[in-house]
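Throughout, read-outs are computed from the coordinates displayed, never taken from laboratory work. Since we're looking at a predicted model, the values are computed, not measured. Glycine also receives a Cβ, built like all others from the backbone with ideal geometry; neighbour counts cover every protein chain displayed.
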Amino acid sequence: MSLVVRQPGIQTTVQDLGRPAWQHIGVPVGGAMDSQAHTIANLLVGNEANAAALDCAFGGVAVQFEAPALVALAGRDITASLDGTPIPPWHAFRALPGTLLVLHTGCRTTIAVAGGVDVPTELDSRSTSLRGGFGGWQGRALRKDDRLTFDDPSPLGARISSHLESRQRIVSDWSASATIRPPYQAHPVVRFLPGPELALLTAASRDALSHDSFAIAHESDRMGFRLSGPPLALSVHREMLSSGVTAGTIQLPPGGAPIVLMADRQTTGGYPRLGDVIAVDMPLIAQLRPGDSLRFDPVSLDLAHALYRERDRQLTGATRAMHLRFAPGADGSR
Amino acid sequence: MRRRSAYCATVWPHSLVPLGDRAVTIDLSAVAGDATRDLIRCLDAHVRDACPAGVTAIVPAIQSLTLHYEPTLLTFVSLENYIRATLATLRIVPAPTRAPIEIPVCYGHDVGPDLDVVASTHRTSTAAIIEAHTAGLYTVAMIGFLPGFPYLEGLATALHTPRRAAPRTGVPAGSVGIGGQSTGIYPCRSPGGWQLIGRTPRALFDPNRPSPSLLAPGDQIRFVAISAEELHDTTEYA
C-alpha cells in the first residue's frame with residue numbers, strides 16, 4: 001500500500017511524536033510540530049498517537065494514493081480537495097486508488113493515513129531528523145515522486161473504513177469535536193512559565209514582553225520561531241554556560257529578538273532563558289505563519305500542569321469514545 | 001520561579017529550575033570547582049540506571065543536569081523529592097581512567113580553508129598551529145548543539161581565534177574548527193562561524209552504531225595529523 005508525492009510543498013517530512021531519549025548525545029527530539037493535531041489525526045484513522053504521518057509546512061502539497069486508504073487532515077486554516085471535491089479537516093475520509101489529495105492551504109498540517117507511514121525506526125522513532133540527516137524518509141524532506149508505503153490499518157482503522165464503505169460515504173459524518181481541538185488563532189495569547197533570566201530584563205523590556213505583541217518572522221523553521229517586536233535587553237550581562245532547553249523555551253540572543261524553540265530545537269543552549277511556553281499552548285504557536293503574532297502571558301507551574309492533565313483527560317476520553325463507537329459489532333452511530 | 005531546596009543543601013549546593021512544565025534543570029553551578037564534573041557524571045549514571053517512571057530524557061551539561069518528564073506520570077513534587085533524596089545519598093566514584101581517544105585530522109588544504117587565517121592571526125606558520133593543536137589534550141565537557149557534537153575544553157591560549165565575521169551556511173561534516181576559546185568537530189553538515197582548520201575521517205555520530213555518539217562527556221581526546229590521502233581513504237562519511 002503506497003502513496004506517491006506529486007508536489008512536496010515547501011517542506012513536508014515524515015514525523016511521529018519524536019525521540020526524546022537521545023538528547024544526552026545531542027539528538028534533537030523532532031516529531032510533529034503540532035503534536036495535538038498529529039494525535040487527533042491519527043485517532044481519526046484508528047492509529048496510535050505515535051504513528052508516523054506527514055507534517056506539511058503550508059500548502060501546495062499533493063499526494064496520490066495507489067491503494068485504498070483511510071486518511072485524516074488536522075491543523076489550522078486547511079483547504080484541501082480529493083480529486084477536486086473539497087475535504088474538511090478533522091474528519092476521516094476514504095481515498096480510493098488513483099485519487100489525488102491536494103492540500104491547497106494550511107499552516108502545519110498533519111496528513112495521517114490508517115496504518116501509519118512505514119519507514120524504519122531509527123533511535124526509537126520514525127521522525128525525520130533534518131539536521132542529523134537520518135530517520136523518516138531517507139533523512140530528508142519529501143521530494144516529488146517519492147513513494148511512501150503505509151502499514152495495515154489497526155483493527156479500529158479497518159472498522160472505521162468498513163463503516164464509511166457500508167454507508168457509501170467518502171467523508172465521515174462525524175469529526176473531532178471542537179473541545180479536543182486546540183483553539184487556533186492568528187493572534188493568540190500564549191501562556192508561559194517565567195525562566196531564570198526573565199528577572200534580568202530591563203524594566204522597559206519586561207513591560208514590553210508582557211504587553212506588546214510579537215510577530216513571527218520569516219526566518220522561522222522547525223528548529224525555532226524568531227519573533228519580531230520591540231527589542232528586549234537585559235539590564236546586566238550574564239556569562240551563560242550551555243544547559244538543557246526544551247520545546248517552548250524563549251531564548252534571548254544578543255540581537256534582542258527572542259526565539260521560541262520548536263520541535264527540531266537543539267538539545268542544549270547558551271542564550272538567556274526568558275521562559276518556557278506551556279505544553280498545551282505549543283500547538284497555538286506551531287500553527288502561526290510569518291506575519292501572525294502572539295502575546296505572552298505568565299502563568300504558574302501548577303496551572304500549567306492542571307491544564308496539561310485536563311487536555312490529556314480529553315484526548316484519552318476521545319480515544320475511548322472512538323473505540324466504543326467502533327467496537328466490533330457496533331454500527332458506528334452515536 | 002527558582003526553587004531553592006534547603007534540604008541537603010550543605011552536601012551539594014543546588015537549585016531546581018523548572019524548564020517549562022515538562023522538564024527541570026538541576027543547577028549545580030554553586031558546587032566548587034572540579035567536583036562539579038564528577039558529581040554530574042555520577043548523578044547522570046545513577047538516574048539513568050534507575051530513574052522513576054515518567055522521566056523521558058536525562059541531559060547532562062557542564063554545570064547542570066536537565067530531566068525531562070511526563071507530567072501525567074510524575075508530579076513536580078515527587079520529582080523534586082526524588083532529586084533531593086538522590087543528591088543526599090549519591091556516591092561519587094572516581095572517573096575510570098581511559099587512554100585518550102585519537103582523532104585523526106587532515107589539516108589545511110581545501111578541508112581546512114581557515115588554517116592560514118589562524119596562522120596569520122597569531123603571526124606564526126601553519127605548521128606551528130598544527131603542532132600546537134595536536135599537542136593539546138582535550139576533555140569532552142558535554143555533548144550538545146548537534147548530534148554527537150563535543151564541547152571540548154583545553155584549547156591552548158595561543159590558539160584562541162575569533163569566529164568568522166560571516167558564518168558559513170554549510171560547514172561540511174567532520175570539519176575541525178576553532179571558535180573563540182573552543183575547538184570542536186562538526187558531526188554533520190551545518191551552518192557555522194568557526195575557523196575551519198582541518199577535517200577528520202571519523203564519524204562522530206552514526207545512528208546505526210550501538211553507541212551512536214563517538215564521544216561521551218569526560219572522554220579525553222588528542223588530534224593526530226594525517227595526510228589528505230589518509231583522509232580520503234579512511235573517511236566514514238558518505
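General observations
- Sparse-neighbour loop sites [trypsin sites (Lys or Arg not before Pro); segment A:164-224; at most 16 other C-beta within 10 Å; DSSP]: A:ARG167, A:ARG169
- Centre separation in Å (Cα based) which lies between segment A:32-68 and segment A:263-293: 21 Å
- Angle in degrees between helix A:155-166 and the longest Cα principal axis of chain A, rounded to the nearest 10: 60 degrees
- Rh by Kirkwood over Cα pairs, then Stokes-Einstein D for segment B:1-142 at 1.002 mPa s and 20 °C, µm²/s: 119 µm²/s
- Overall Cα dimensions of segment A:48-96 - principal axes, largest extent first, Å: 28, 25, 18
- Using the Cβ-Cβ distance between B:LEU73 and A:LYS144 with R0 set to 60 Å, the FRET efficiency from 1/(1 + (r/R0)^6) comes to roughly 0.90.
- Cα pair count fraction exceeding 28 Å, expressed as % - chain A: 42 percent
- Here each label is just a point 7 Å from Cα along the line to Cβ, and for A:GLU310 and A:GLN7 those points are 4.0 nm apart.
- Residues A:GLU66 and A:SER166, FRET efficiency given R0 of 30 Å [Cβ-Cβ distance, rounded to 0.05]: 0.80
- At q = 0.10, 0.12 Å⁻¹ the log10 of I(q)/I(0) for chain B amounts to -0.56, -0.76, computed by Debye summation with a single uniform scatterer per C-alpha, solvent ignored.
- Fraction in percent of alpha-carbon pairs per bin - 20 Å, the protein assembly as shown: 20, 50, 27, 3, 0
- Computed from Cα positions, the angle between helix B:35-49 and the longest principal axis of chain B comes to roughly 70 degrees.
- Pairwise inverse Cα distances across segment B:116-155, averaged and inverted, put the Kirkwood hydrodynamic radius at 11.6 Å.
- Percent of alpha-carbon pairs separated by more than 24 Å within segment B:95-221: 22 percent
- Here the simple spin-label model places points 7 Å from the Cα toward Cβ, and for A:LEU100 and A:ASP297 these points are separated by 4.4 nm.
- Multiplying the residue separation of B:SER227 and B:ARG164 by 0.36 nm and removing their Cα-Cα distance gives an extension gain of 20.1 nm.
- Part-to-part distance (alpha-carbon centres) for segment A:184-253 and segment A:299-333, which is given in Å: 32 Å
- A crude spin-label estimate for the pair B:GLU80 and A:THR202, with each label 7 Å from Cα along the Cβ direction, gives 3.5 nm.
- Helix axis angle, B:126-135 relative to chain B longest principal axis, alpha carbon, degrees: 30 degrees
- What the Cα convex hull of segment A:2-181 gives, in volume per residue, is 101 Å³.
- Largest-first principal axis extents, alpha carbons of segment A:189-299, Å: 34, 30, 26
- Computed from the Cβ-Cβ distance with R0 of 30 Å, the FRET efficiency linking A:ASP212 to A:SER177 stands at 0.30.
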